[in-house]
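Below is one structure, written out as structure tokens; comments come after it.
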Amino acid sequence: MNLSILYRGPLASCNYDCPYCPFAKRRDSRAELRADREALTRFADWVDRNPDDDRISVLFTPWGEGLTRSWYRQTLTRLSHLPHVDRVAIQTNLACRLDWVADTDRDTLALWATYHPGQVRRDAFLARCATLHDLGVRFSVGVVGQPGHLAEARALRAALPDDVYLWVNAADGHRYEPAEEADWTGIDPLFGYSVRPHESAGRACRAGETVISVRGDGQVRRCHFVDEPLGNLYDGSYRAALGPRPCPNQLCDCHIGYVHLRTLPLYDVFAGGVLERVPVRDATWGVPARALR
């Protein structure tokens, strides 16, 4: 099986405090950080053992910022060199050192980077993107479509290399008027997929079949947005529960959820880059080549 895993451990601390972020922000205690490190090591050991002989891809989606923690950098490096791992990626604000990237297999590593105006200088963020680009790392860059961030997003798009895709996430709770949506679509031609929730109830989804969500204790769910457990990763009980199943939620409005809906064409749009949100260069999807990597 080709199995994609979205892993989220107990880490919740972040060096940024974005007012629009839906993730809980707090300081992790030493005990909590130790527990997160132990959970991540256990998961990496499981991937290394590969008990089911799968081709594995992993996206780390921490509540907090993972790359400021050495154990996430070490785990990405370790997993990138495993022959049965096709992709290892992480969502990050890039507020970290990048020298570790040189030790990774850059054919396997990928980063999903988010720019947060007000939390970091644009030139500093762009310098980190330039480092990744020079090292040949696959990565996408994105912003939250807050009304006050439009000018920053345009400046970021103008400064990024043409072959780096800049995505825009619709701001939670914000209603976009047609002209405003057009402004953001001018930056991200795929913004239309984010701006309106997708009807998902009863519709086919890869989540729970070839895509799973794993928590720090090994509990497996079909995705981050369906709480029904399928079993545990470490005792193998999840395996028998894998299979085609319709989505039980009325709507799906998060990219890491709806990208897996079989009713949407996004596995073709992001072929080879689903986890890191890197689209293919294909004019048939109406996306200018300059917007894509």
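Dipole magnitude of the chain about its Cα centre, charges +1 at Lys/Arg Cβ and -1 at Asp/Glu Cβ only, in debye to the nearest 20?
Dipole size: approximately 340 debye.
Would you work out what percent of the accessible area of the chain, with all protein chains in place, is carbon or sulfur (probe 1.4 Å)?
Ligands and nucleic acids excluded, carbon and sulfur reach 49 percent.
Let me know the charge dipole size of region 53-153 about its Cα centre in debye, to the nearest 20, where only the beta-carbon of Lys, Arg (+1) and Asp, Glu (-1) is charged.
Roughly 220 debye, rounded to the nearest 20.
Region 183-240: percent of C-alpha pairs farther apart than 14 Å?
Cα-Cα pairs in region 183-240 separated by more than 14 Å: 63 percent.
Region 233-280: Rg/Rh from Cα coordinates, Kirkwood Rh?
Ratio of gyration radius to Kirkwood radius for region 233-280: 1.05.
Answer with one residue from SER200, GLY186, VAL220: the one whose Cα lies farthest towards the positive end of the charge dipole of region 177-220, charges on Cβ with Lys, Arg +1 and Asp, Glu -1.
Sorting the options by dipole projection puts first VAL220.
Please give the per residue volume of the convex hull enclosing the alpha carbon atoms of region 1-91, rounded to a whole number of Å³.
Convex hull volume per residue, Cα atoms: 88 Å³.
Over the alpha-carbon set of the chain, work out the extent along each principal axis and list the three values in angstrom, largest first.
Principal-axis extents of the Cα atoms in the chain, largest first: 51, 44, 35 Å.
Once you sort the root eigenvalues of the Cα gyration tensor of region 86-149 as a ≥ b ≥ c, which label holds: rounded (a/c under 1.5), prolate (a/b larger than b/c) or oblate (the other case)?
Note, shape of region 86-149 comes out prolate.
Per the helix-only calculation at 222 nm, which mean residue ellipticity applies to the chain, given -39500 (n - 2.57) for every DSSP H run of n ≥ 4 and division by its residues, nearest 500 deg cm²/dmol?
Roughly -7500 deg cm²/dmol at 222 nm, from the helical runs in the chain.
Pull up the DSSP beta bridges for region 172-253 and report the antiparallel fraction as a percent, rounded to 5.
Here the antiparallel bridges make up roughly 85 percent for region 172-253.
Give, in nm to one decimal, the length gained when the segment between ARG26 and LEU98 is fully stretched (0.36 nm per residue of separation minus the Cα-Cα distance).
Once the chain is fully extended between ARG26 and LEU98, it gains 23.5 nm.
The values are calculated or read from the model by the stated rules, or taken from the named source; none is laboratory data. Keep in mind that what you see is a predicted model, and the values were worked out from it rather than measured. A quick note on method: Cβ atoms are made from the backbone with ideal geometry, for glycine too, and the neighbour counts reach across all protein chains shown. Protein only, heavy atoms only, side chains kept; ligands, DNA and RNA dropped before computing areas. Shrake-Rupley method; radii C 1.70, N 1.55, O 1.52, S 1.80 Å.
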